[in-house]
1. Can you put Asp172, Asp76, Asp121 in order of Cβ neighbours within 10 angstrom, beginning with the fewest?
2. Is there a quick way to get the dipole size of the chain? I mean about its Cα centre, with the Cβ of Lys and Arg at +1 and of Asp and Glu at -1; what is the value in debye to the nearest 20?
3. Only Cα pairs within less than 10 Å get springs; with that Gaussian network setup on the chain, which residue of Leu46, Leu71, Leu144 has the largest fluctuation?
4. Just Ile142, Ile39, Ile175 to compare: in a GNM of the chain, with alpha carbon springs under 10 Å, which one fluctuates most?
5. Under 10 Å, Cα contacts only: if you run a Gaussian network model on the chain, which one of Val35, Val74, Val122 comes out with the highest mean-square fluctuation?
6. Considering the options Trp196, Val38, Ala180, tell which one lies farthest towards the positive end of the dipole of the chain, charges being +1 on Lys and Arg and -1 on Asp and Glu at the Cβ, about the Cα centre.
7. Specify which residue in the list Thr151, Met101, Val116 is farthest towards the positive end of the charge dipole of segment 98-206, using unit charges on the beta carbon of Lys, Arg (+1) and Asp, Glu (-1), about the Cα centre.
8. What are the membrane-span-like helices in the chain by this rule: whole DSSP H runs, Cα extent along the axis at least 30 Å, mean Kyte-Doolittle hydropathy at least -0.5?
Amino acid sequence: MASIDRPIVFAITGASGAAYAVRLLEQLIAARRRVQLVISSHGLRLLETEVGLRSADALRDRVGASGWNDLVTVFDDADRGAAPASGSALNAGMVICPCSMGTLSAISAGASRSLVERAADVALKERRPLVLVPRESPFSAIHLENMLRVTRAGAVVLPASPGFYHRPTSIDDLIDFVVARILDQLGVEHTLIRRWGDEAPVSRRR
């Protein structure tokens, strides 16, 4: 099975940055990539607080029910026996967006107390892509040490830090900058931003 045919494990945890998660899910669906979605309890609270989405069903309605029904499978974060928890269940890697510092800490320690943490542990042990998107600022020495540990273990730490050299004119532009970098790490094609030296058009929000 080619990696493009395998699902991407996508976890949403309780760090600020729900808009990044929603836009990333929209783009994965637009790219026709299968998604195994895990939302922690704090991730659900985050979605409600920041973007007014009170449930996974509300998130489905936001990104489009037809694409969701075809491509998205939702798993309970308490189910450590679900497919993403097993190394024998093939996937194309995992992204945690946003990634809380508590989640990062647990991954760096190999705690595996939840499906999110176990799936990340599996990604590391199977040498699959693992992209962690923290937003916390400033970083403490403990945060930085945990980031170094997971990086040395094979993860990519991609802070939600938008650039400005593309001259953004809206918050959507800033969100798309970060989401584009995440998609690049996952090997998912997109046209969200104009690449340096490229005059190709970018996609626009619906």
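1. Ranked by crowding around the Cβ, least crowded first: Asp76, Asp172, Asp121.
2. Values: 25 positive and 22 negative charges, 47 e Å.
Approximately 220 debye in magnitude.
3. Of Leu46, Leu71, Leu144, the most mobile in the Gaussian network model is Leu144.
4. Ile142
5. Comparing Val35, Val74, Val122 in the GNM, the peak value goes to Val74.
6. Final value for the positive-end residue is Trp196.
7. Ranked along the dipole, the leading option is Val116.
8. Span-like helices in the chain: none at all.
No lab work stands behind these numbers, since they all come straight from the coordinates. Everything numeric in this text was worked out from a predicted model, so none of it was measured. Cβ coordinates were reconstructed from backbone atoms using ideal geometry, including for glycine residues, and neighbour counts include every protein chain displayed.
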